[in-house]
Amino acid sequence: MRPILLNDPQFKRRTLQEKLRARRDRIAAWLTRPGSDLDPTSGLPWSQIARYRVIDDPDLGPVPQYVEAARQLAMRNASEADRHRASMAALDRNDKLAALAADVNAERLTWLPSLLVTAARADHSVQPLSAQQLRVWADPQVQRLLMNETGGGWPEPFDDQPPGQK
């Protein structure tokens, strides 16, 4: 193994890349500090992610979203320029596990109501039960409960109320 010399161009290039990466990380940390408008995980503005705080399901009506599910929707629907800017500001690049967890949480949240709606299409005797379940789902107290359940990870303006409702 050859020794590393300080004047070696490969050493200088690696050192420069490390310095630039550290500088980028410091800038990203500053931009995404607590209280800033940028989400440190995705790099997108919180206002853009908050558009997906509650989505309208054609069968169930309003469905509050966990923050990771909203991040995925926001990133999927962001412009190429927004995605590029977000990739420069994002601190957490490992989002595969978070994406899987978001899918599991969304499924867990809507499993029973969705099951009843699907069953009512196939079996008319289930329609009254499905209609009753949808009335419960739409009840303001249940919606508040769902907002509280999905509120973890959301910054304060969006944690327990849909955008524009506070």
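Here are some notes:
- Cut-off under 5 Å, modelled amide H: who pairs with LEU38 long-range: TRP46
- Between region 94-120 and region 40-66, the alpha-carbon center distance in angstrom: 14 Å
- Once backbone amide H atoms are built at 1.01 Å from N, ILE55 has VAL63, GLN65 as its partners under 5 Å, excluding neighbours fewer than 5 places away on the same chain.
- Hz values of 3J(HN,Hα) by residue in region 145-158 - Karplus curve (6.51, -1.76, 1.60), Gly and Pro given as x: 4, 5, 5, 5, 4, 8, x, x, x, 7, x, 3, x, 10
- Applying 1/(1 + (r/R0)^6) with r as the Cβ-Cβ distance of ASP37 and THR118 and R0 = 45 angstrom yields a FRET efficiency of 0.70.
- Cβ-derived FRET efficiency at R0 41 Å, GLU80 paired with GLU156, nearest 0.05: 0.85
- Ranked TYR66, TYR52, criterion: other C-beta atoms within 10 Å, fewest first: TYR52, TYR66
- FRET efficiency for the pair LEU145 and LYS19, taken as 1/(1 + (r/R0)^6) with r the Cβ-Cβ distance and R0 = 41 Å, rounds to 0.25.
- Residue by residue, region 105-122 carries 3J(HN,Hα) couplings of 5, 5, 5, 4, 5, 10, 4, 5, x, 5, 4, 5, 4, 5, 5, 5, 5, 8 Hz when phi is fed to the Karplus relation 6.51 cos²θ - 1.76 cosθ + 1.60 (θ = phi - 60°); x denotes Gly or Pro.
No value in this document is a laboratory result; all are computed from the given coordinates. Here the structure is a predicted model, which means the values were calculated and not measured. Backbone-built Cβ (ideal geometry, glycine too); neighbour counts: all protein chains shown.
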